[in-house]
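Below you'll find the structure, written out as structure tokens, and then a few comments.
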Amino acid sequence: MQQIDSHLIDNYQAVRQTCAWWPESEQRAIVVEGPDAGSYLQTQLTQDVLKLDIGQGALAALVDRKAHVRAILSLHRQQAERFLLLPVMGAEALLAHLEQFHFMEKLSLSEERWQRLRLEGPQSLDLLQQIAPLPLEKLQRWQIKSLVFPGGSGWLIPDSFSGESGFLLLARPEQQAPLQQLLTQQLKIPQAEPEVLEWLRLEAGQPLPGQDMTAETQLPETGLEKQAVSYDKGCYLGQEVIARIHAYGVVPRALVGLVLDSSQPDLKLPAAFQIEGKKAGEITSLGWSPQLQRPVALAYLHKKWRENGRQVQLDSDGHSLSAEVRRLPLYTPLPPEARARQLYEQALDIFAHQGEAEAIPMLQSAIRLDPQLADAYESLGVLHSRLGQHEAAIEVMQQLTRIAPEEPMAHTNLSRFYMLLGDKPTAENHMAEATRLNMLRQQRQQQQQQAEAAAQKAALIAMFREVLTEEDPDDLVANFGLGKALVDSENYSEAVIYLEKAATVDPFYSAAYLQWGKALEALGQTAQARAVYSRGMEAAAEKGDLMPLKEMEQRLALLPA
């Protein structure tokens, strides 16, 4: 296993478990503005531009006639007639193309310079709201929202580089330093290291422009067409090729992940490789996956070998590599509910070692991810109260009563918090409600236990009946088992039939006499019960069955003469 610096692992885990930030290169943005801006872009890009409402965005591409990638960008409709284009590949080619094919349209093309910065991780939304109190949880990917922060302003776009939830932040270059200082010093968010960013990129299956994606790469080969192409819109350059590939459903080669069995090989990229002596593709990126604990690669692979999970043997530049083919991405975050539970448990651990204040943001994140996680509400309320924030604790507990109205602990805590505020009447009301809910819970638990026991008895009775009906009517175990189950179910008349049968099959089976006598007692047939107990005691004494013998003696002594 590759030895990795523990600092880098901690840095990686910050993105996967909490949050981290990092700067990207300066963004050369293109602004297309005017009455014909939308209709013009509709004819040039792969995305359905006209479907975007104000504030919405999408991934898009510019391709040539053969669907080769000229530019990859996100486009954002800031106003009805204003679009902001953020190319991550081919900015110069995109601007040149838009200028070249623009003739009589009523629009203008201009450039803006922005500094790109990413904030990603499960807690990114909660931390960002501390400096930008906006309803960010309602934003969809690629939507654009104005961002105002101490020392500047810019744009905020929900987007993910790593696969985790996160945001792309755009600030003027001169405002980059105040924003970074805010994230690092005020919010205490670590900066992701360059090596960690490469791990994250590989795990997320992000093709790197100029390396995994060049002017010779067809858009459908990259996998980005799933997000960047609308198949319902009108004509644009390269549409025919993309539509044909989509219709037939497969490209000869496509970008996949490879999980290598061996240590990371020393290959010069791009590295062409063969499988079974035939040209099969090329590796374009190579690195380490902390999540998989294996070397991984991004590679363009021929369709013959692209089955997910397939084991392949690659031969490249004198290296023989065993690898498993994986669909991208190589890493998928936990579902929100599982992530919320993970954050909740981490918060409890942080509370135990650091304190209440450090654990509270994690609990708030857990609740945002899973609003039904009652344990997180309870813990959050208790921590607020421990810090003397009783009003905040009460608000959290009231939220818990709304999502879990039958949870007694919420009212128990509310009673305590109101008492700490000196509101005794309200505290007593909540304690009374907690008592009522506890009693109701106990009743329901008893009813559930009784229902489960009844179901088990019914299943047992059905099983014994089946044996006696379809296999052997003289089966000793089935006759006794059915008789005892019927006694337990208070069906005494029918129980007598099977218990008498069991005693007939084996006259020395003392347990059958005991249950038979009980059934007769319940039916008020005292004389018959006395006779059965007497016979049973003789059988028990003969066999040495002391426990049935003792119980039958006791029951016989209590029967009226």
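The values are calculated or read from the model by the stated rules, or taken from the named source; none is laboratory data. Note that the structure is predicted; figures quoted are calculated from it, not measured. Cβ placement follows ideal geometry from the backbone for every residue including glycine, while neighbour counts extend to all protein chains displayed.
Is there a residue being assigned to a loop (DSSP other than H, G, I, E, B) and touching a helix residue (DSSP H, G or I) at 6+ places or on another chain (Cβ under 9 Å) anywhere in the range 166-186?
Filtering the range 166-186 for residues assigned to a loop (DSSP other than H, G, I, E, B) gives 172.
Cutting the leftovers down to touching a helix residue (DSSP H, G or I) at 6+ places or on another chain (Cβ under 9 Å) gives us none.
No, the conditions are met nowhere in the range 166-186.
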Yes/no for F351 being farther than 26 Å from K138 by Cβ, buried (at least 19 other Cβ atoms within 10 Å of the Cβ) and under 27 Å from the mean Cα position of the chain (by Cα)
yes
Taking interchain pairs and intrachain pairs at least six residues apart, which have beta carbon atoms under 7 angstrom, with the first residue in the range 241-264 and under 22 Å from L62 (Cα atoms) and the second crowded, with 17+ Cβ neighbours inside 10 Å and of a type in the set (D, E, K, R)?
I242/E225; V251/E221; R253/E221; A254/E221; A254/R306; L255/D212; L255/E221
Does any residue in the range 441-461 that is within 30 Å of A478 (Cβ to Cβ) come within less than 6 Å, Cβ to Cβ, of a residue that is among the polar types (S, T, N, Q) six or more places away or on a different chain, and which pairs are these?
K457/S489
(1) over 24 Å from V259 (Cβ atoms); (2) in contact (Cβ under 8 Å) with a residue 24 or more places away in the chain; (3) among the hydrophobic types (A, V, I, L, M, F, W, C) all hold for L321 apart from (1)
Quick one: which of A485, A478, A495, A451 is under 42 Å from the mean Cα position of the chain (by Cα) and more than 23 Å from E542 (Cα to Cα)?
A451
Q311 passes all but one of (1) touching a strand residue (DSSP E or B) at 6+ places or on another chain (Cβ under 9 Å); (2) buried (at least 16 other Cβ atoms within 10 Å of the Cβ); which number fails?
(2)
Positions within the range 372-393 being within 29 Å of the chain's Cα centre (by Cα) and within 16 Å of M419 (Cα to Cα), in sequence order:
G381, V382, H384, A392, A393
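Considering only residues of the range 143-175 that are free of Cβ contacts under 8 Å to residues at least 40 places away in the same chain and crowded, with 16+ Cβ neighbours inside 10 Å, which is nearest to A60 (Cα to Cα)? Even if it seems obvious, please write down each step before you answer.
Taking the range 143-175 and keeping what is free of Cβ contacts under 8 Å to residues at least 40 places away in the same chain, we get 146-153, 156, 158, 174.
Of the ones still in play, those that are also crowded, with 16+ Cβ neighbours inside 10 Å are 147, 149, 152, 156, 158.
Details: L147: 23, F149: 29, G152: 29, L156: 18, P158: 16 Å.
Only one residue tops the list, namely P158.
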Failed criterion for L50 (all others in (1) closer than 30 Å to P290 by Cβ; (2) touching a Gly at 6+ places or on another chain (Cβ under 9 Å) hold):
(1)
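Can you tell me which residues in the range 196-227 are over 26 Å from the mean Cα position of the chain (by Cα), of a type in the set (V, I, T) and buried (at least 16 other Cβ atoms within 10 Å of the Cβ)?
T217 - this is the single residue of the range 196-227 that is over 26 Å from the mean Cα position of the chain (by Cα), of a type in the set (V, I, T) and buried (at least 16 other Cβ atoms within 10 Å of the Cβ).
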When the range 545-561 is examined, which residues are found to be part of a loop (DSSP other than H, G, I, E, B) and closer than 20 Å to P507 by Cβ?
D545
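Scan the range 243-261 and give yes if some residue there is closer than 30 Å to V49 by Cα, among the β-branched types (V, I, T) and modelled with pLDDT of 95 or more, otherwise no.
Taking the range 243-261 and keeping what is closer than 30 Å to V49 by Cα, we get 243-256.
Filter again for among the β-branched types (V, I, T), leaving 245, 250-251, 256.
Next, only the ones that are modelled with pLDDT of 95 or more stay: 256.
Yes, the range 243-261 contains a residue that is closer than 30 Å to V49 by Cα, among the β-branched types (V, I, T) and modelled with pLDDT of 95 or more.
Rundown of residues vs (1) surrounded by fewer than 23 Cβ atoms within 10 Å (Cβ to Cβ); (2) over 31 Å from the mean Cα position of the chain (by Cα); (3) at negative phi, yes/no style:
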| residue | (1), (2), (3) |
| --- | --- |
| R28 | yes, yes, yes |
| P35 | yes, yes, yes |
| Q42 | yes, yes, yes |
| L45 | no, yes, yes |
| V63 | no, yes, yes |
| L75 | no, no, yes |
| A80 | yes, yes, yes |
| A96 | yes, yes, yes |
